[in-house]
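Reading through the structure tokens given below for one structure.
Just so it is clear, none of the values below were taken in a lab; they were calculated from the coordinates. Computed from a predicted structure; not experimentally measured. Here the Cβ is made from the backbone with ideal geometry for all residues, glycine too, and neighbour counts use every protein chain on show.
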């Protein structure tokens with residue numbers, strides 16, 4: 001099944017639910033003042049120097065208790081719009097109207113006073129403090145005159161808030177011990193404790209596994225029923241189609257489409273995001289590329305099946321991985337599926353030597369002796385970590401430096417870096433990867449997310465790594481950059497590299513991989529061929545229902 | 001082509017432009033108002049007066065680029081001085097004693113600070129504060145708080161002599177600067193130091209030997225302290241049992257004035273030179289003008305903060321945006337401003 005089919009199918013399913021909630025909403029809407037939106041941002045403009053981040057953006061929550069999807073490619077002005085809405089940035093022009101009255105959002109605190117709270121991508125929690133302390137952060141624990149903080153009452157209040165989100169945790173637990181999705185719930189609970197009526201969830205699902213996403217959705221639906229609105233930002237179309245009641249699409253700082261979710265399907269959203277011309281090309285490309293990649297890989301597998309490029313035997317790490325056996329042939333793309341915590345990231349780290357592990361890792365038939373990144377790199381392994389800002393790149397350094405960080409080391413340490421050979425290598429990488437940068441000397445931090453990711457990946461392509469370990473290769477990049485990265489990965493495989501790709505988006509794996517290995521609790525629970533694999537099959541194994 | 005080079009050189013100064021401009025202004029001011037400031041003898045005194053600070057600050061630059069600070073640098077200078085006096089006292093030929101002293105400094109830096117910070121992952125602040133304190137005590141114990149006179153002619157030449165009419169400490173300053181520039185621009189080690197300071201995790205995952213790089217960085221700081229000890233002993237003809245640990249902080253201030261980031265990953269020795277000269281010109285000019293030397297400290301401290309502040313204000317585009325940015329960071333969305341910057345460049 002191709003990706004287009006998958007999204008079309010989920011779109012039609014979601015359209016039905018969308019229509020149903022739409023009908024329910026009309027009933028609720030009858031009590032609200034007719035026609036007036038709960039929140040309206042109208043003609044919002046914002047410039048940074050010469051760059052127009054927003055040039056007339058509009059966003060309207062039609063009623064209290066609505067789930068409003070917001071989508072736009074990186075660079076569409078989404079972050080700026082959220083910044084304006086949460087009081088972190090002042091717009092140059094435009095109106096913000098809440099419950100019919102015009103308001104000014106001068107600071108995050110002002111936004112909070114108006115009941116608008118932001119739950120950011122990076123969780124803003126103190127990991128060593130308890131759930132209750134985090135929920136009531138900012139001196140809002142229950143206090144008594146003489147006794148001071150009333151821990152029992154505070155914990156009870158926190159437990160109540162958590163329960164209203166469908167979460168059953170001891171409020172005295174340190175937040176750092178919770179799973180990422182539960183940490184997010186704690187943040188939502190904090191916003192609720194501050195009487196928030198409009199929650200902004202900025203890519204809340206980007207680090208969650210499928211079942212955790214479902215838990216989050218359930219919580220958002222509970223909030224909707226209580227009249228709390230949610231602005232839900234996501235790159236993932238199926239999520240938006242499944243959850244949102246209405247949708248706003250941004251492109252180049254402008255609102256290009258908005259309306260009830262029933263008016264949208266996946267194709268229409270993508271078209272609005274990237275513009276009609278680009279959408280046409282992307283469709284042609286993805287349709288053409290999926291099948292042949294699998295076909296060529298299949299043929300290479302048969303010829304080199306005897307000595308896989310990467311062979312794992314009994315790879316284990318206490319509490320994280322159990323006896324993982326896995327082969328990846330040259331030219332093959334193998335996907336790693338599983339919920340967060342299933343051991344996908346840990347397995348890639350273990351292969352690369354970044355995580356101490358037992359068992360053997362063989363590359364083209366010879367075992368890797370030393371288990372550290374240097375040895376793995378020397379043996380031709382490349383590793384793209386999930387967090388490009390902290391693990392993948394040295395942000396202050398130039399594009400050239402980051403690209404050449406691995407490849408030019410072969411030249412020997414005493415020869416000077418920055419020579420002609422390195423410049424040629426960097427130039428070639430920028431061209432093949434189509435990296436958009438002011439110059440090779442520009443700091444990587446000045447690039448857009450998609451281009452940063454291409455630099456992080458380009459380092460290994462420039463080093464001609466024969467085995468590529470990729471953890472969430474398209475996390476947080478826009479649709480166009482995602483298509484580009486997929487193209488590069490297929491090209492690397494067609495070139496004979498062995499790819500092991502971990503992704504929390506099953507759809508991505510289905511589009512990219514010849515085979516999908518499902519992990520659960522650190523173990524391989526299934527290995528599915530392209531024909532056997534589907535969203536349902538992967539979800540079934542990942543959830544442990546074999 | 002001919003115009004491009006000065007323009008590129010000017011562009012390369014952007015990290016330390018405030019101190020560069022103030023330095024030029026001070027130089028002009030003292031040159032015009034103070035008789036004798038521009039005399040060859042005075043300029044020579046000015047430079048030799050900051051030679052110890054210069055050498056320490058060059059080593060310290062690499063430490064700061066690697067996202068650390070070496071608080072123990074001045075204590076190593078004193079310790080290496082005592083080592084030198086003891087080595088000479090034990091009958092070592094001066095040439096051998098000099099080489100051993102420099103290596104001794106490097107060994108203390110790499111073996112104590114480098115290993116504890118790099119290999120064991122302890123905080124640079126705790127480790128160098130600890131070694132500073134302990135080494136200061138060792139200097140007193142080892143020297144029995146007595147000044148150890150050094151009479152070797154070679155040391156006198158290093159401290160007070162001159163070659164081709166230029167004072168030996170100035171030659172040493174030039175040589176250490178050239179080596180530091182070479183490390184910074186022309187070696188993988190230099191590049192590794194930036195990568196390790198920028199992101200230790202990313203550097204390790206790119207196959208850089210982060211532990212070794214850290215050990216080497218503190219080793220370089222120690223080597224520089226060893227070289228500084230030669231100048232110090234040579235200038236007064238003795239190894240002093242006194243340790244002036246404030247010199248290490250002054251070196252760090254010079255590095256910061258020169259635009260190197262305390263967060264690591266950015267800056268360079270080019271700027272450090274101007275940071276040191278700023279302190280030197282201020283010290284020298286004020287003393288000629290008959291102003292109490294304590295004013296030099298007041299001005300240096302104020303300028304240090306102002307330079308960093310000015311840099312931040314110009315980066316943010318005004319005082320209000322800076323305050324807004326600081327407030328936004330407190331709202332735990334540290335990367336939002338940079339995200340919007342990204343949006344700009346991709347649009």
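For q = 0.12, 0.21, 0.22 Å⁻¹, what log10 I(q)/I(0) does the range B:19-108 give under the Debye formula with an equal point scatterer on each alpha carbon and no solvent?
For the requested q values the scattering log ratios are -0.60, -1.02, -1.06.
Rounded if a/c is under 1.5, else prolate if a/b is larger than b/c, else oblate: which is the range B:91-221, with a ≥ b ≥ c the root eigenvalues of its Cα gyration tensor?
oblate
In Å and on Cα atoms, what radius of gyration and Dmax does the range B:249-307 show?
When restricted to the Cα atoms of the range B:249-307, Rg and Dmax are 12.0, 41 Å.
On alpha-carbon atoms, Rg over Rh for the range A:456-499 using Kirkwood Rh?
That ratio equals 0.95.
If one computes the Cα centroid of the range A:156-185 and of the range B:143-164, what distance in Å separates the two points?
Measuring centre to centre over Cα atoms gives 69 Å.
With runs of 4+ DSSP H residues as the only contributors, calculate the mean residue ellipticity of the protein assembly as shown at 222 nm using -39,500 (n - 2.57) per run, divided by the residue total and rounded to the nearest 500.
Value at 222 nm, helices only: -17000 deg cm²/dmol.
Regarding the range A:39-284, what are the three Cα extents along the principal axes, ordered largest first, in Å?
65, 38, 31
Taking the Cα atoms only, what angle lies between the long axis of helix B:188-198 and the longest principal axis of chain B, rounded to 10 degrees?
With both axes taken from Cα atoms, the answer is about 60 degrees.
With an 8 Å Cα cut-off and a minimum separation of 6 or more residues, compute the relative contact order for the range B:16-335 in percent.
33
Could you work out which residue, out of B:79, B:58, B:43, moves most in a Gaussian network model of chain B, that is, has the largest mean-square fluctuation with Cα springs under 10 Å?
Between B:79, B:58, B:43, it is B:43 that shows the largest mean-square fluctuation.
If you average over every viewing direction, what projected area does the convex hull of the Cα atoms of the range A:420-542 give, in nm²?
Averaging across all directions leaves 8.5 nm² for the Cα convex hull.
On average over all directions, what projected area in square nanometres does the range B:231-282 have, based on the convex hull of its Cα atoms?
So the mean shadow area of the Cα hull is 4.5 nm².
Please report the antiparallel percentage of DSSP beta bridges with both residues in the range A:39-284, rounded to the nearest 5.
Bridges in the range A:39-284 that DSSP calls antiparallel: roughly 55 percent.
Rank the residues B:143, A:439 as a footprinting-exposure proxy: fewest other Cβ atoms within 10 Å of their Cβ go first.
Sorted ascending by nearby Cβ count, the order is A:439, B:143.
Helix B:51-65 sits at what angle to the longest principal axis of chain B, using alpha carbons and giving 0 to 90 degrees rounded to 10?
Its long axis makes an angle of about 40 degrees.
In degrees from 0 to 90, rounded to the nearest 10, what is the angle of the helix B:269-288 Cα long axis to the longest principal axis of chain B?
So the helix axis and the longest Cα principal axis differ by about 60 degrees.
Roughly how far apart, in whole Å, are the Cα centres of the range B:287-307 and the range A:429-452?
With the range B:287-307 and the range A:429-452 each reduced to a Cα centre, they are spaced 44 Å.
At 25 °C and 0.890 mPa s, what whole-number value in µm²/s does Stokes-Einstein give for the translational diffusion of the protein assembly as shown, with Rh from the Kirkwood sum over Cα pairs?
80
Who wins for biggest fluctuation among B:11, B:24, B:180 in a Gaussian network model of chain B, springs between alpha carbons below 10 Å?
B:11
Which residue fluctuates most in the GNM of chain B (Cα springs below 10 Å): B:283, B:250, B:34?
Of the options given, B:34 has the highest mean-square fluctuation.
How far is the Cα center of the range B:1-76 from the Cα center of the range A:478-546, in Å?
Between the Cα centres of the range B:1-76 and the range A:478-546 lies a distance of 56 Å.
Among A:239, A:323, A:195, A:535, which comes first, then next, by fewest other beta-carbon atoms within 10 Å?
Going from least to most buried by this count: A:195, A:323, A:535, A:239.
Relative to 2.2 N^0.38 Å, what does the C-alpha radius of gyration of the range B:16-335 come to as a ratio? Two decimals please.
1.02
Please give the per residue volume of the convex hull enclosing the alpha carbon atoms of the range A:356-397, rounded to a whole number of Å³.
95
I need A:482, A:454 ordered by Cβ neighbour count within 10 Å, fewest first.
A:482, A:454
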